[in-house]
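Each remark here refers to the structure printed beneath this line.
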Amino acid sequence: HDLMRSDEEFMDGLYVNENSRLYRVHLAESVPSSECVHSLFNDVSDPDKKYLCIAKKLFTKYVSHSAEHQINISYDCRQNIIHFIHTYATEPALQSEHVALA
């Protein structure tokens, strides 16, 4: 699958786009680990479903209109994320046999 090559890659850091250049940012060991990202969905064997479950949980906590810790992002960015979550990470999509990402 194209979403992530491995959990290690997913957990190792993130990419930041600055001045049209992509930089890999590694998080310090002292940064607390997210239960959602690191352990909550360890029992989900299908990698695509696992990452979609993580995405939906993070969306609910940080992006949705009623998020407990809502982040400040542009309207267009929020709408794109909402569309993605509603398309790929709703209960019927997560329960289907084959989760196909566009």
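Restricting attention to the range 34-69, report how many residues are farther than 27 Å from GLN79 by Cα and of a type in the set (S, T, N, Q).
So the answer is 3.
If I filter the range 67-83 down to residues being of a type outside the set (Lys, Arg) and not in a loop (DSSP other than H, G, I, E, B), which single residue comes out as least open to solvent (accessible area, probe 1.4 Å)?
That would be ILE82.
Before we move on, is LYS56 assigned to a helix (DSSP H, G or I) and surrounded by fewer than 16 Cβ atoms within 10 Å (Cβ to Cβ)?
no
The values are calculated or read from the model by the stated rules, or taken from the named source; none is laboratory data. For clarity, every value in this text was computed on a predicted model and none was experimentally measured. A quick note on method: Cβ atoms are made from the backbone with ideal geometry, for glycine too, and the neighbour counts reach across all protein chains shown. Note: areas computed on protein heavy atoms with side chains; ligands, DNA, RNA excluded. Shrake-Rupley method; radii C 1.70, N 1.55, O 1.52, S 1.80 Å.
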